[in-house]
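Data block below; observations after.
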Amino acid sequence: MTCRACGSFRHLVSKCPDSHERRGGTYCVEEDSSDSCNLTVETLNNLEIERFVLFTSDKEELSRFTSESLNCAALDTCCTSTVAGEKWLKMYLNGLPAHMKSEVRGPFQGKKCFQFGNQGILKSQNKYQLPAYIAGEKVHIDVDIISSDIPMLLSKSEMKKHGMVLYMLQDKAEVRGHMLNLSTTSAGHYLIPLNSELKSSKESCLAIEDVLATNLKNADLKEKTKALEKLHKQFGHRPKQSFVNLLKAALVYTEDMSLIIDNIISGCEGCIKRKRNPDKPAVSMPMARDFNEKVAIDIKIWNGHYILYIIDMWSRLTIGTFIERKKPSEA
């Protein structure tokens, strides 16, 4: 059974915080001049409502969603207006080449409020016009930025603007006459890249020198680092061992690549966000591996006398004796 108001399986409509009765008939609406959301019933019929369906309170799940969508936009036909989180915007701007950074417009004042299923009402912090390449053609996307860890959710109106047609059975999209293969996030959203400058065409082809741009075995440190960093991003920020296995299978792995890959992963913001905390051990490692390698000492007071205990940490052999005082000379 699920809640009839929000669709959650965690509660029923009588306990739903987003039900019409509990919210008193209030909604989040778009204002033209006010800096804050005006949640009044009187203005409901005259103003646009921006509402989204994202029912999750798991911060790790939202962070994974953002990490999987680096330099990409998630297609969401439920969105009536394109929106993105602050973290996704920061990573996207950092990854833009210099000639595209100069085309970024903003920040402008955000005038919209967005209602999410579990995060309540979020005010648009800023509005940007971001340059991007979709299907090899340069476009500019108007996006509102909110204080939430979500990627860019491309709205239905923005998809219509670019003449996008989705083919669910083939996991493809037709954009401006070009067919694109769509990847999928763990949450099930389709992703479309925003930084692909190569135009797809049936007659176009790549020169062999462009495909084999770098010989990793004979390249110097700078070229090797640049090539490995590119491969790291193209293969989805895979762990080090998977990356090394790939290079070994291609017969291009060299010993100095291990340190280069470590530096790339440690400095990659996407990998840092996705890195899980180390497990806490259930038991500790043994402190000794041989007799008399390490001993533990303890003192106990019994009936006014001191008892000195000495325990071997490997065999657990225990010896106890009475001592007059706790001074080292007495022990």
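Each value in this text was obtained by applying a stated rule to the coordinates, not by laboratory testing. These figures come from a predicted structure and were not determined experimentally. Please note: Cβ atoms are built from the backbone with ideal geometry, for glycine as well, and neighbour counts cover all protein chains shown.
Miscellaneous remarks
- Available extension along the chain between A98 and S157 is 18.4 nm, counting 0.36 nm per residue and deducting the alpha carbon span.
- Annotation: amide H-H contacts under 5 Å for I134 (H modelled 1.01 Å from N, sequence separation of 5 or more, or interchain): V139.
- Applying a threshold of 22 Å to the alpha-carbon distances of K156/K230; K90/K233; K138/K240; K127/K226; K224/K273 flags K156/K230; K138/K240; K127/K226; K224/K273 as lying beyond it.
- Pair T225, K90: separation of 7 Å Cα→Cβ label points (nm): 2.3
- Distance distribution P(r), segment 85-169, all Cα-Cα pairs, bin width 10 angstrom from 0: 15, 46, 32, 8, 0 percent.
- ³J(HN,Hα) computed for each position of segment 133-150 - Karplus, 6.51 cos²θ - 1.76 cosθ + 1.60, integer Hz, glycine/proline x: 10, 10, 6, x, 10, 6, 9, 10, 10, 7, 9, 8, 10, 10, 8, 7, 8, 10
- Projected label points at V165 and Q241, each 7 Å from Cα along the beta carbon direction, are separated by 4.6 nanometres.
- Counting only lysines at least 8 places from K300 when in the same chain, those with an alpha carbon closer than 27 Å to its own are K326, K327.
- Residue-span extension gain [I307 to E269] - 0.36 nm each, minus C-alpha spacing: 8.0 nm
- Available extension along the chain between S315 and S329 is 2.3 nm, counting 0.36 nm per residue and deducting the alpha carbon span.
- Estimated FRET transfer efficiency when R0 is 45 angstrom, pair L251-N292 (beta carbons, to 0.05): 0.30
- Qualifying GluC sites (Glu not before Pro) in segment 242-331, where qualification requires a DSSP coil assignment and no more than 16 other C-beta atoms within 10 Å, comprise E255, E293, E324, E330.
- Two-site FRET efficiency, K300 against K233, from Cβ-Cβ distance with R₀ of 45 Å, rounded to 0.05: 0.15
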